[in-house]
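Report on the following structure.
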Amino acid sequence: MTGAGSGIGRATLDLYTERGWNAVAVDISPRGLADLADRPDVATVIGDVARERTNAEAAGAALERFGRLDAAVLNAGYGGGGPLESPGALERLAEVLTVNVIGAAAGIRGAAPALRASGGGAIVVTASVSGLRGDPSTWAYNAAKAAQINLVRGAAIDYAPENIRINAIAPGGTVTPMTRSQVDHPTFGKTIARRIPLGRWAQPREQAEAIFFLTSSAASYITGTVLSVDGGLSANGG
Ligand code: NAD
């Protein structure tokens, strides 16, 4: 579970462990993982998901501590960008592509050998509704999340013969530290909520449930898909 120190990642870690799974929590922020250090059911790896070493350490921790790997949730990511002509915009694009796209690709590469050794398994990438459309001044994130979705489609085809299923979720606005300032903004949070058919932002647990479903045997014939978890936002034209 990458990005396990906060938000959707932490909610997902909690959901799996409540249901009896062991987990390897990966995050670049040591602070985010500090409260997990003494848990018998959780191993922690501090590192950048865009580095191969982090992903190799995570798979290694699953094998050493728990004996096998059955699923990988590649959730770490962030946005940013600003207007395309603003100073430093291309550097920010490179950063956003690195964490989201290289991070997801490195995560698949890191998890695949251990999943293969288990006879197969499942990978879920946390993409975004922003990968399915454009948003104002969000082009770097739009590009990165769209790339994650097509990475998932391509990788799903390659790994299907090994019974490794690879899917994405596309969350809509979800209340996490990443979006806290938007949710709490006097008007913005409510303006976004009005555009969502279900009329509200998601809770991280609702994203976690979708991720859990995609790694479960209930999704045994599902691979290469993107599951929108957005309160109907994409059905409404975004
Ligand atoms: P968050 O900021 O609460 O959590 C993200 C976590 O990822 C943090 O703990 C952070 O330290 C970690 N992280 C960031 N870069 C990393 C790196 N290079 N290596 C390892 N860990 C790293 O954010 P969140 O809202 O929970 O977002 C989780 C995922 O969901 C992201 O991929 C985000 O793009 C996606 N998403 C979020 C929303 C939303 O509205 N919150 C909507 C759509 C998609």
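For the reader, a short list of remarks on this structure follows.
- Pro136 meets all of the listed conditions (1) in contact (Cβ under 8 Å) with a residue 12 or more places away in the chain; (2) farther than 26 Å from Ile46 by Cβ but one, namely (1).
- Sole exception among (1) assigned to a loop (DSSP other than H, G, I, E, B); (2) farther than 19 Å from Thr176 by Cβ; (3) touching a residue at least 12 places away in the same chain (Cβ under 8 Å) for Thr98, by number: (1)
- Scanning segment 54-69 for residues that are surrounded by fewer than 18 Cβ atoms within 10 Å (Cβ to Cβ) and not in a helix (DSSP H, G or I) yields Gly67, Arg68.
- Annotation note: Cβ proximity below 6 Å between a residue of segment 7-20 that is farther than 18 Å from Ala62 by Cβ and open to solvent by 50 Å² or more (accessible area, probe 1.4 Å) and a residue that is of a type in the set (D, E, K, R) and modelled with pLDDT of 95 or more (sequence gap 6+ or interchain) occurs for no pair.
- Residue tally, condition open to solvent by 20 Å² or more (accessible area, probe 1.4 Å) and touching a Leu at 6+ places or on another chain (Cβ under 9 Å), over segment 201-211: 2
- Hits in segment 152-194 (condition: of a type in the set (Gly, Ala, Ser) and surrounded by 15 or more Cβ atoms within 10 Å (Cβ to Cβ)): Ala155, Ala156, Ala168, Ala170, Gly172, Gly173, Gly189, Ala193
- Count of segment 29-46 residues, restricted to those that are of a type outside the set (S, T, N, Q) and surrounded by 19 or more Cβ atoms within 10 Å (Cβ to Cβ), is 6.
- Only one entry of Leu227, Leu233, Leu214, Leu198 meets the criterion of being over 22 Å from Val125 (Cβ atoms), among the hydrophobic types (A, V, I, L, M, F, W, C) and either crowded, with 16+ Cβ neighbours inside 10 Å or without any contact (Cβ under 8 Å) to a residue 60 or more places away in the chain (or both), and that entry is Leu198.
- Given (1) surrounded by fewer than 23 Cβ atoms within 10 Å (Cβ to Cβ); (2) assigned to a helix (DSSP H, G or I), index of the condition Leu84 fails: (2)
Let's see how each residue does on (1) of a type outside the set (Phe, Trp, Tyr); (2) within 15 Å of the ligand (Cβ to nearest atom); (3) touching a Lys or Arg at 6+ places or on another chain (Cβ under 9 Å):
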residue: Ile46; (1), (2), (3): yes, yes, no
residue: Asn55; (1), (2), (3): yes, yes, yes
residue: Leu90; (1), (2), (3): yes, no, no
residue: Glu95; (1), (2), (3): yes, yes, no
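The values are calculated or read from the model by the stated rules, or taken from the named source; none is laboratory data. Values in this document were obtained by computation on a predicted structure and should not be read as measured data. Ideal geometry is used to build each Cβ from the backbone, glycine not excepted, and the neighbour counts take in all protein chains shown. What goes into the accessible areas is simple: the full protein's heavy atoms, side chains included, and nothing from ligands, DNA or RNA. Shrake-Rupley method; radii C 1.70, N 1.55, O 1.52, S 1.80 Å.
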